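I have a structure I would like to understand better, so I am pasting it below and will then ask my questions one at a time.
The values are calculated or read from the model by the stated rules, or taken from the named source; none is laboratory data. Note that the coordinates shown come from a computational prediction; the quantities given were computed from them, not determined experimentally. We place every Cβ from the backbone using ideal geometry, glycine too, and count neighbours over all the protein chains shown.
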Amino acid sequence: MIIHFAFGDLGRKGEIKEQTKRVISDILTERRLLISKNKEFIPAFTDPNTKASPFKDAKILEDKIYWDIPANPDDEYTNNLPQAPAVIYLPHKVRMICFINISFKKLKNSLHPEYYGKFGIVFKEHFLKQKGIKPVTYYTEESVNKNAAIKKWNENKGKNLSPEEKKKLEKEILYFRKPASLFPSFKKPYIAKVVKKTGELDFSISTYDRYPDEYNFRNEQEYRIVFENDEDYMYFEERNIFRIITPDEESKSAIASFFKNQWGFQPEVMVFPSG
């Protein structure tokens, strides 16, 4: 069963009534799902002799970022710089809607509610296939340099590929791939974030910290629909919904009542199984 969990932030905070209200007003009434811009990553290999220039040495001058390093650094300065990691993860935004593949029975023992809440929408399989849904494949820290597409991108970055070929290869890497787990090197700071506020630049380090160390993404068996155009929503019809999973009996009653009064089609409504 392929499930899209909705408004999980409200579910995690226990705001089930507000979550139910938003599912009805924003999704079921409008018959649409919001397309999210999620960060996905291209694993880039570094030269074995590369040194890392610490973010702490960065300074902002005249709206630009500079690294405070000597004009001609000597061996002592260079040797004191940390070794760059073997792989760095370059973030790119991908427009998508995410789903989790899991049986209804297994939900009660899963970790999904902790991160995504208990309000699930299950579409009919033929509808998802029409929209181009595909499963995500996972790479480990050890296997990333063996992947053919990732190797080709690293071998040809900046050369030997036309812009069209490079874009096609990046899509292949980004759209349906992610780390198998939140391994330590992936948790390291990966990008400097600069925000302009009241005429001044605020410099900070952005990290991928939504999940705990070693979080196992493979358990999600994620599926995605990726969107390349500029649409904000994926629209559906009443008959495209197979089932709604609700957090409790009260929310189940509210959803069932909405279907009875507002829809001509009555999808199944079930309460999230308790442990």
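Select from the range 1-27 the residues that are of a type in the set (A, V, I, L, M), touching a helix residue (DSSP H, G or I) at 6+ places or on another chain (Cβ under 6 Å) and under 23 Å from K129 (Cα atoms) and list them in ascending order.
Hit for the range 1-27 is A6, nothing else.
So which residues in the range 237-275 are loosely packed, with under 14 Cβ neighbours inside 10 Å and either closer than 17 Å to L33 by Cβ or touching a His at 6+ places or on another chain (Cβ under 6 Å) (or both)?
Result: E237, R239.
Could we say that K152 is surrounded by fewer than 19 Cβ atoms within 10 Å (Cβ to Cβ) and closer than 23 Å to R95 by Cβ here?
No: the conditions fail for K152.
May I pose another question? For the condition closer than 23 Å to N49 by Cα, of a type outside the set (G, A, S) and touching a Lys or Arg at 6+ places or on another chain (Cβ under 8 Å), what is the one hit in L169, L81?
L81
Which residue pairs have Cβ atoms closer than 6 Å, lie 6 or more positions apart in sequence or on different chains, and pair a first residue in the range 8-19 that is within 16 Å of I245 (Cα to Cα) with a second residue that is at pLDDT 90 or above and among the hydroxyl-bearing types (S, T, Y)?
Pairs that qualify, where the first residue is within 16 Å of I245 (Cα to Cα) and the partner is at pLDDT 90 or above and among the hydroxyl-bearing types (S, T, Y), are I16/S251.
Is it the case that some residue within the range 197-214 is modelled with pLDDT under 60 and touching a Leu at 6+ places or on another chain (Cβ under 8 Å)?
No.
List the helices (runs of 4 or more DSSP H) inside the range 106-191, counting only whole elements, that have at least 2 residues being among the small types (G, A, S) and farther than 30 Å from I24 by Cβ. If you could, list the steps in order and put the result at the bottom.
Values: elements: 112-116, 125-130, 148-156, 163-174, 184-187.
Here the list reads 148-156.
Filter the range 71-97 down to residues that are of a type in the set (V, I, T) and either at pLDDT 90 or above or touching a His at 6+ places or on another chain (Cβ under 8 Å) (or both) and give me whichever is farthest from I255 (Cα to Cα).
Per the criteria, the residue is V94.
Let me ask something else about it. State which residue is nearest to P273 (Cα to Cα) when the search covers only the range 96-127 and only residues that are of a type in the set (S, T, N, Q) and touching a helix residue (DSSP H, G or I) at 6+ places or on another chain (Cβ under 9 Å). Before the answer, list the steps.
First pass over the range 96-127, keeping only residues of a type in the set (S, T, N, Q): 101, 103, 109-110.
Right, trim to touching a helix residue (DSSP H, G or I) at 6+ places or on another chain (Cβ under 9 Å) and you get 101, 110.
Numbers: N101: 16, S110: 10 Å.
Per the stated criteria, the residue is S110.
Does I100 qualify as being assigned to a strand (DSSP E or B), at pLDDT 90 or above and out of contact with any Lys or Arg (no Cβ under 8 Å at 6 or more places or on another chain)?
yes
While we're looking at this one, here's another question. So which of F183, F104 ends up being over 15 Å from the mean Cα position of the chain (by Cα), over 30 Å from I241 (Cβ atoms) and surrounded by fewer than 18 Cβ atoms within 10 Å (Cβ to Cβ)? Even if it seems obvious, please write down each step before you answer.
Details: F104 fails: over 30 Å from I241 (Cβ atoms).
Only one candidate qualifies: F183.
Just to be sure I understand, how many residues within the range 232-258 are touching a residue at least 40 places away in the same chain (Cβ under 8 Å), assigned to a helix (DSSP H, G or I) and under 19 Å from K17 (Cα atoms)?
In the first step, residues of the range 232-258 are kept if they are touching a residue at least 40 places away in the same chain (Cβ under 8 Å); the result is 232-248, 250-251, 254-255, 258.
When the remaining residues are screened for being assigned to a helix (DSSP H, G or I), the result is 238-240, 250-251, 254-255, 258.
Adding the requirement that they be under 19 Å from K17 (Cα atoms) leaves 250-251, 254-255, 258.
Qualifying residue count, the range 232-258: 5.
Quick one: is E18 of a type in the set (D, E, K, R), at pLDDT 95 or above and touching a Leu at 6+ places or on another chain (Cβ under 9 Å)?
Judged against the criteria, E18 is a match.
Still on this structure, I have one more. Would you mind telling me which numbered condition in (1) of a type outside the set (K, R); (2) crowded, with 20+ Cβ neighbours inside 10 Å; (3) modelled with pLDDT of 95 or more E40 fails?
The failed condition is (3).
Tell me which of these E249 doesn't satisfy, since it passes every other one: (1) at pLDDT 95 or above; (2) within 25 Å of M96 (Cα to Cα).
Unmet for E249, out of (1) at pLDDT 95 or above; (2) within 25 Å of M96 (Cα to Cα): (2).
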